[in-house]
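Down below is the structure, laid out as structure tokens.
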Amino acid sequence: MEISFNPADLLNSAIRKAASSASLSNDFDPVVRPADPRFGDYQANGVLPYAKKNKLNPREIAAQLITILNEQGLLDPELVSWDIAGPGFINFKLLPAFSLQWLRRFSTEADLKSGAGGRLAGKTIVVDFSSPNTAKEMHVGHIRSTVIGETLARLMQFAGANVIRDNHIGDWGTQFGMLIWAIKHNNYDPTTADPNSAVAELEALYKEGHAAYKASEEQADSIRRELVKLQNGDAENLHIWKSITEVSWKAFQTIYHQLDVSFDEVLGESFYRDKVENVCEELEKTGLAEESEGALVVFHPEHKRFAKQPFIVRKADGASNYATTDLATVLHRVEHFKADGMLYVVDSRQADHFQQLFLTAEKWFKATDRKLPKMEHISFGSVLGDNGKPIKTKEGGSIKLKDLLREAVSRSEEIVREKNSNLPEETIKEVAEAVGLGAIRYVDLSQNRTSDYLFSWDKMLSFEGNTAPYLLYAVARIHSIFRKAGIDESATFENASYLETDEELALARKLLTFPNTIDQLLTDLRPHTLCTYLFELAGVFSSFYNANKVIVEEQNIMDRRLLLCSRTLTVMETGLHLLGLKTLKQM
Ligand code: ARG
């Protein structure tokens, strides 16, 4: 019997085989889940609903499955024990030999990855995340999309998918008329601007252009003319637009680099400008779009709100918009990338847009005989300030992301110095970066993404509770156990005997449910599940370490405890790396 990454998989497939011997129908699902420890390690809950649906006696079915499991050798009794429970549950216990084999088999991050790798193997998933707008500073609102998106991308890769990270930047639209007008008006040259301040300057110029547009009809006219020139490919305006894009991208890159976030594609809205007309044509031809007050729109009569609230794909002035580029984007991702799935990591205020986009794409693809992959809006709430409103600077402006990251690192540096003043200067800097950036990231990921959360420096930088500093410290502490003992963390611990004490067993049990957490994460795409798991694992490890001396005389006991330490380290680091944190050997 080969040990599976998720022990539940192995139990699941054994019961399925038993069920087919017992001639249960194909829709029988064993539903194996981690169980209440008082009853066992896993429980199959699927018999009851199946029996109910088919008007059968659940207890009899469960008994029959157990008999088959006993007789056909589908499970190894040296590794697992099983029993019938209650009205028709099947309980499983993993025996000490199982845990030991699992711990031996999944020793490194790469082992865990290959264990999980079958989940999404062969699938191409596009993750659309971060996606700021050019000529505008990234602000605190962008942190969520950026870190949630990066984590989901890492997770999908971990599960074996071919992931395409796509930054759908807002780099096209009517705002460029105002911006180009103001740039010309001020003789501003984006190509020679200081990359550190260029985006702020562009933002100010945009505001000036916007004000000018409102101020007089004459200026509004010349602004419109600049836009039309850009759209018609005028060399000068195109050059200005390109330099705006470049300097903005440079500024974004500094932040991405700091956050260890990368992209495979940066196909912004401008990339689709020659692809939108075809979309409108197809929507018209298939009868999905109609004229309404001069605009081309799509209604969804079956929908409560979207029967009346239109999805505008061409404005009355003839221009395409966010909706049209997003439709063109769907087609490109399907045709060019052969995407099997698309995740849109965008804040909850765009929920309507994505619902309308998905509905429209579904009908459009159906009408044109194309296959639409699964698309999901990975929605998230806002970051709130003390007053419970979206967080702002004292002056009421939005907080720039680069300032926020800088402050995180400097605050954590202060704390690190205070806690451990004898670390070498270089290490202090390294620790401060990892803790500060890790804290900002972790606090975001550890919230259920669909809720808003209150931003608090003290909480996120605390060494207690479900925080980055606490978890990073837990990792560093395990490293130091090995360092102090002069033992290599990746040794084989050959003499390890079966786990025995309650704390050893509890720790192994927790480690073996890591795959379960991964599977849950792959289903609901909520990173906080992983944070909660890691926090609990750190707690279980602490209890183990406090109760069970690791460095002892008896080699077999020491080895099995070191094995547990080593695997806790692997699982903790793997989890934290999925969350995008840099782990440390020393703090
Ligand atoms: N640039 C947009 C904004 O800042 C987000 C784009 C999200 N991605 C998409 N395919 N619509 O609101």
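The values are calculated or read from the model by the stated rules, or taken from the named source; none is laboratory data. Just so you know, these numbers come straight off a predicted model, no measurement behind them. Every residue, glycine among them, receives a Cβ derived from its backbone with ideal geometry; neighbour counts consider all protein chains shown. Ligands, DNA and RNA are excluded from the accessible area calculation, which covers all protein heavy atoms including side chains. Shrake-Rupley method; radii C 1.70, N 1.55, O 1.52, S 1.80 Å.
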Q.
Quick test of your reading of the structure: ILE487 fulfils all but one of (1) under 30 Å from the mean Cα position of the chain (by Cα); (2) not in a helix (DSSP H, G or I). Name the failing condition by number.
A. (1)
Q: With the condition kept exactly as written, say whether any residue in the range 131-140 is touching a residue at least 12 places away in the same chain (Cβ under 8 Å), within 30 Å of ARG441 (Cα to Cα) and in contact with a His (Cβ under 7 Å, 6 or more places away or on another chain).
A: yes
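Residue by residue, here is whether (1) of a type in the set (Gly, Ala, Ser); (2) free of Cβ contacts under 8 Å to residues at least 12 places away in the same chain; (3) open to solvent by 20 Å² or more (accessible area, probe 1.4 Å) holds:
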residue	(1), (2), (3)
PRO190	no, no, no
ALA204	yes, yes, yes
HIS210	no, no, yes
LYS214	no, yes, yes
LEU227	no, no, yes
LEU230	no, no, no
ASN237	no, no, no
SER248	yes, no, no
HIS257	no, yes, yes
Q: Would you check which residues across the range 13-70 are in contact with a strand residue (DSSP E or B) (Cβ under 8 Å, 6 or more places away or on another chain) and among the aromatic types (Phe, Trp, Tyr) and list them?
A: PHE39, TYR42
(Q) Only one of THR574, THR532, THR568 is of a type outside the set (A, V, I, L, M) and farther than 26 Å from VAL409 by Cα. Can you tell me which? (A) THR568
Q | Residue count, the range 450-484 (criterion: more than 19 Å from LEU259 (Cα to Cα) and either assigned to a loop (DSSP other than H, G, I, E, B) or not aromatic (Phe, Trp, Tyr) (or both)) | A | 22
Q) Taking ASN186, is it modelled with pLDDT of 95 or more, farther than 22 Å from MET138 by Cβ and open to solvent by 40 Å² or more (accessible area, probe 1.4 Å)? A) yes
Q: Output yes when any residue across the range 371-385 is at negative phi, more than 16 Å from the ligand (Cβ to nearest atom), of a type in the set (Lys, Arg) and free of Cβ contacts under 8 Å to residues at least 60 places away in the same chain, and no when none is.
A: yes
**Q.** Residue selected from the range 355-370 under the condition within 22 Å of LYS123 (Cα to Cα) and open to solvent by less than 10 Å² (accessible area, probe 1.4 Å), by the criterion farthest from the ligand (Cβ to nearest atom)
**A.** PHE365
Q. Across the range 1-41, which residue is surrounded by the fewest Cβ atoms within 10 Å (Cβ to Cβ) among those that are of a type in the set (D, E, K, R) and more than 27 Å from ALA506 (Cβ to Cβ)?
A. ASP27
Q. What strands (runs of 3 or more DSSP E), lying completely within the range 268-354, carry at least 1 residues that are within 16 Å of the ligand (Cβ to nearest atom) and open to solvent by less than 50 Å² (accessible area, probe 1.4 Å)?
A. 311-314, 341-345
Q | Meets criteria (β-branched (Val, Ile, Thr) and more than 24 Å from the chain's Cα centre (by Cα)) for ILE244 | A | yes
Q.
Of the conditions (1) part of a loop (DSSP other than H, G, I, E, B); (2) at pLDDT below 95, LYS402 satisfies every one except a single condition; which number is it?
A. (1)
Q: Would you mind stating whether ASP340 is in contact with a Lys or Arg (Cβ under 6 Å, 6 or more places away or on another chain) and not small (Gly, Ala, Ser)?
A: yes
(Q) All but one of (1) within 23 Å of GLY160 (Cα to Cα); (2) open to solvent by 60 Å² or more (accessible area, probe 1.4 Å) hold for ASN57; state the number of the condition that does not hold. (A) (1)
Q.
Under 6 Å between Cβ atoms, which residue pairs at least 6 apart in sequence (or on different chains) link something in the range 492-517 that is charged (D, E, K, R) with a partner that is buried (at least 21 other Cβ atoms within 10 Å of the Cβ)?
A. GLU503/PHE544; LYS510/LEU537
